[in-house]
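Asks: Here it is, the structure, as structure tokens.
The values are calculated or read from the model by the stated rules, or taken from the named source; none is laboratory data. Note that the coordinates shown come from a computational prediction; the quantities given were computed from them, not determined experimentally. Heads up, the Cβs are rebuilt from the backbone with ideal geometry, glycines too, and the neighbour counts pull from every protein chain shown. The protein model used for the area step is the full one, side chains on, heavy atoms only, and it has no ligands, DNA or RNA in it. Shrake-Rupley method; radii C 1.70, N 1.55, O 1.52, S 1.80 Å.
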Amino acid sequence: MPYNVMIVDDAAMMRLYIASFIKTLPDFKVVAQAANGQEALDKLSTVQDVDLILLDIEMPVMDGLEFLRHAKLKTRAKICMLSSVAVSGSAHAAKARELGADGVVAKPSGTVSHDLEEKTGDELARTMRSLCAA
């Protein structure tokens, strides 16, 4: 049975790239998408059994860090930051971890990374599997 994933990113093209990548992983299935943290919080009350949330940081309405402040009260899903500003060792990555992010993977080419699968796909898949297995 595949793990259920919610994608939260304000860029529609990035959500499409992430969803297309996830379709290549037989052990994961996209069950919801949101364009900002507030929309994602609202969907958590209607979407059942989300196992993993892939979360951007920089978004309008409610950014990823603010989402983290609220999410742990609404879901047991693991949360992996997938952001161009949360690179390993950055202040954004440290803040995300402090607020409860379970993992951090950097987008390889900025806000809309069309090369996600080829440059970061292996790392993202490993991180997703590791978080869901924990």
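Asks: Failed condition for P108, given (1) loosely packed, with under 15 Cβ neighbours inside 10 Å; (2) in a loop (DSSP other than H, G, I, E, B); (3) free of Cβ contacts under 8 Å to residues at least 24 places away in the same chain; (4) on the phi < 0 side of the Ramachandran plot, with all others met?
Replies: (1)
Asks: Something else: Check off (1) within 17 Å of Y3 (Cβ to Cβ); (2) touching a Ser or Thr at 6+ places or on another chain (Cβ under 8 Å); (3) of a type in the set (S, T, N, Q) for T111 and give me the number that stays unchecked.
Replies: (1)
Asks: Let me ask another. Inside the stretch 10-47, can you point out the residues that are open to solvent by 50 Å² or more (accessible area, probe 1.4 Å), in a loop (DSSP other than H, G, I, E, B) and either under 22 Å from A93 (Cβ atoms) or touching a residue at least 24 places away in the same chain (Cβ under 8 Å) (or both)?
Replies: D10, T24, P26, S45
Asks: Also, quick follow-up: Go through the stretch 61-93 and give me each residue that's surrounded by fewer than 18 Cβ atoms within 10 Å (Cβ to Cβ), in contact (Cβ under 8 Å) with a residue 24 or more places away in the chain and not acidic (D, E).
Replies: Residues satisfying the conditions are V61, R69, H70, K72, K74.
Asks: Then there's this: Among the residues in the stretch 119-127, are any modelled with pLDDT of 90 or more and of a type in the set (S, T, N, Q)?
Replies: Yes, some residue in the stretch 119-127 is modelled with pLDDT of 90 or more and of a type in the set (S, T, N, Q).
Asks: From the list E58, E98, pick out the single residue that is open to solvent by 10 Å² or more (accessible area, probe 1.4 Å), among the acidic types (D, E) and over 23 Å from A134 (Cα atoms).
Replies: Details: E98 fails: over 23 Å from A134 (Cα atoms).
Unique residue meeting the criteria: E58.
Asks: Still on this structure, I have one more. For the stretch 111-134, which residues satisfy the criterion of being acidic (D, E) and outside any loop (DSSP other than H, G, I, E, B)? Please lay out each step first, then the result.
Replies: In the first step, residues of the stretch 111-134 are kept if they are acidic (D, E); the result is 115, 117-118, 122-123.
Listed by number, the residues that qualify are E117, E118, D122, E123.
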